[in-house]
Amino acid sequence: MSKDKSLSELGDPEYWLINVQNATGPGDSMRKLLVGISGLLGFLFLTVAAWGTCHVVTPSGSGNKSGSDWNNACNGLTGSCSPSSGMIRGDSYYLAAGTYAPHDFSKANSGTSTITIKAVTANDHCTDTGYNAGTMFGQAKITGQTGLITDYWIVDGQYGAGRTKGSYGIFVDLTGQTGINGGFYGSTGATGTTIRYVEIKGTNNTNVCDSLIWNDGWKASSRPHDFTMSHIYGYGGNSLTKQNTMQNVTLEYSIVDQNYEDAVNCHGEPIATNDTTNFIIRYNQFINCVGTGCIATPCGTCNPGTAEIYGNVFATDQTAGILSDGVIVALSGGGWTSIKVYNNTVANWQLSQLRITPLNFLYNSGGSFGGLDLENNLFYNNADVVVGAGGGTCLSNSFYSNNRVSAACTGDQTGGAGNPFVNKNSDWHLVADTNLWSSLGSPYNTDPDGGLRTSSRGAFQFGDGSQAPDPPTGLSASVQ
């Protein structure tokens with residue numbers, strides 16, 4: 001056996017079968033088969049060991065409260081299920097339905113080993129012993145801020161659907177909180193952390209600038225990195241997320257709605273970011289943005305970052321939303337040294353929802369849009385549109401039922417008539433294709449549904465991009 005095989009190859013039964021089949025010489029087949037079985041069992045043992053142990057939690061606990069099964073569930077996030085002292089790196093902790101007090105996640109790091117906190121599902125609840133779906137399946141509610149003090153946490157609600165409140169496995173409720181930084185707040189930690197399928201309700205209090213997920217990486221001894229937010233539904237906060245002095249941050253498949261602003265204390269920005277490199281913002285819905293912009297860099301003394309913003313919807317449902325500057329805003333001292341803006345949909349921003357006219361898609365308020373690459377964006381039913389901040393690459397943007405009043409970009413589609421969407425206020429899939437897109441490679445050639453992009457501008461590929469091509473026609477065959 002060669003010494004340069006990866007673990008995945010060593011654990012692949014096909015690899016061992018091939019080596020047995022290719023064996024030569026008396027006894028080689030049996031020796032290689034035994035070696036193969038031994039190696040495969042060893043790999044499987046290592047893999048199972050890496051999975052760790054699961055533990056279970058209910059709001060009031062049961063039995064001996066060890067978390068070993070549902071008859072002996074931990075009493076909330078305490079004791080052996082405490083995220084500061086009791087939890088074990090590499091293990092998973094399942095939250096039953098009910099209400100939980102917030103706790104700082106401060107268990108010491110152990111390399112890159114994670115701690116996973118999950119909502120229960122019908123098929124994933126650690127153990128059947130003592131499990132009662134009628135009382136244990138449902139939303140786990142945390143009432144207050146979770147501090148991300150250390151690194152490598154996974155918070156996984158496991159399920160959730162769109163703008164449907166109560167449908168997510170984990171719910172963070174900040175109602176009535178004061179003096180907080182956010183539902184999840186990282187100052188010294190958050191490296192290697194993922195938060196997914198979580199509903200977060202902000203304070204909706206203009207005296208409290210609450211960002212629902214907030215990382216102040218500049219407070220850490222080194223820049224935190226590899227932080228992921230996926231399938232988040234956030235509302236009632238000043239912003240969905242603030243990311244400062246971070247690296248490799250992803251926000252995807254999320255919805256922000258009903259954010260608020262205060263002209264003195266809290267300038268609304270669903271995303272506020274400063275000095276963050278490689279911030280990927282993809283496949284999200286920004287509904288009824290309120291404040292400076294849907295994405296902004298609100299720091300006069302921070303360094304610019306870098307970002308990729310693609311496959312998103314920036315829209316109003318024509319009931320709310322007000323923009324002071326534009327959709328994506330680079331404020332004085334901030335902005336981006338490199339920014340890619342691809343395949344986004346911008347819809348329904350009328351004059352009554354703009355404090356500055358026309359609608360500025362990219363607005364430079366003393367910041368920077370360095371290395372700008374702007375392609376395949378679709379604008380519908382807006383006030384007159386100014387697309388870019390000047391300079392860089394600008395290709396193949398489409399305009400339906402609104403006018404472009406900035407300089408033309410190569411391949412623009414102007415004068416599009418009518419509504420191109422399934423529902424102009426809530427479903428931005430296309431009912432007919434746009435002009436041909438400016439072709440982009442992976443990962444920008446996939447839409448939010450996972451369909452392969454082949455033609456369309458805006459967030460969604462027209463039709464089912466994942467479908468197989470039609471079978472050939474007009475063929476004939478003859479028997480030879």
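As a summary of the residue check, L77 satisfies the conditions (1) farther than 11 Å from W153 by Cα; (2) open to solvent by 40 Å² or more (accessible area, probe 1.4 Å) except for the one numbered (2).
The rows are residues; the columns are (1) modelled with pLDDT of 95 or more; (2) not polar (S, T, N, Q).
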position: H429; (1), (2): yes, yes
position: T434; (1), (2): yes, no
position: W437; (1), (2): yes, yes
position: S455; (1), (2): yes, no
position: A468; (1), (2): no, yes
position: Q480; (1), (2): no, no
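Annotation: S84 fulfils all but one of (1) more than 20 Å from T188 (Cα to Cα); (2) in contact with an Asp or Glu (Cβ under 7 Å, 6 or more places away or on another chain); (3) not β-branched (V, I, T); the unmet one is (1).
Evaluating G63 against the criteria (1) modelled with pLDDT of 50 or more; (2) of a type in the set (G, A, S); (3) open to solvent by less than 40 Å² (accessible area, probe 1.4 Å) leaves one unmet condition, (3).
Rundown of residues vs (1) open to solvent by 30 Å² or more (accessible area, probe 1.4 Å); (2) out of contact with any Asp or Glu (no Cβ under 8 Å at 6 or more places or on another chain); (3) assigned to a loop (DSSP other than H, G, I, E, B), yes/no style:
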residue: F399; (1), (2), (3): no, no, no
residue: G415; (1), (2), (3): yes, yes, no
residue: V422; (1), (2), (3): yes, yes, no
residue: N425; (1), (2), (3): yes, no, yes
residue: W428; (1), (2), (3): no, yes, no
residue: D433; (1), (2), (3): yes, yes, yes
residue: L440; (1), (2), (3): no, no, yes
residue: P443; (1), (2), (3): yes, yes, yes
residue: S456; (1), (2), (3): no, no, yes
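How about the stretch 52-73: which of its residues are assigned to a loop (DSSP other than H, G, I, E, B), under 21 Å from T99 (Cβ atoms) and not hydroxyl-bearing (S, T, Y)? Across the stretch 52-73, the qualifying residues are P59, G61, G63, K65, G67, A73.
Only a single criterion out of (1) open to solvent by 60 Å² or more (accessible area, probe 1.4 Å); (2) aliphatic (A, V, I, L, M); (3) within 23 Å of the chain's Cα centre (by Cα) is not satisfied by I117, namely (1). Taking the stretch 275-322 as the range and being open to solvent by 10 Å² or more (accessible area, probe 1.4 Å), of a type outside the set (A, V, I, L, M) and in a strand (DSSP E or B) as the test, the residues that pass are T277, N278, R282, Q285, T306, E308.
Listed by first and then second residue, the pairs with beta-carbon distance under 6 Å, at least 6 apart or on different chains, first residue in the stretch 192-209 and among the acidic types (D, E), second open to solvent by less than 60 Å² (accessible area, probe 1.4 Å), are E199/Y168; E199/F171; E199/Y233. Of the listed requirements (1) in a loop (DSSP other than H, G, I, E, B); (2) of a type in the set (V, I, T); (3) in contact with a Pro (Cβ under 7 Å, 6 or more places away or on another chain), T112 misses just one: (3).
For the stretch 176-215, how many residues are in a strand (DSSP E or B) and surrounded by fewer than 20 Cβ atoms within 10 Å (Cβ to Cβ)?
Initial filter on the stretch 176-215 (in a strand (DSSP E or B)): 184-186, 194-201, 211-215.
Add one more test, that the residue is surrounded by fewer than 20 Cβ atoms within 10 Å (Cβ to Cβ), and what stays is 194.
Final tally of qualifying residues: 1.
The values are calculated or read from the model by the stated rules, or taken from the named source; none is laboratory data. For clarity, every value in this text was computed on a predicted model and none was experimentally measured. Using ideal geometry, Cβ is built from the backbone for each residue, glycine included, and neighbour counts are taken over all protein chains shown. Heads up: the accessible areas ignore ligands, DNA and RNA and are worked out on the full protein's heavy atoms, side chains in. Shrake-Rupley method; radii C 1.70, N 1.55, O 1.52, S 1.80 Å.
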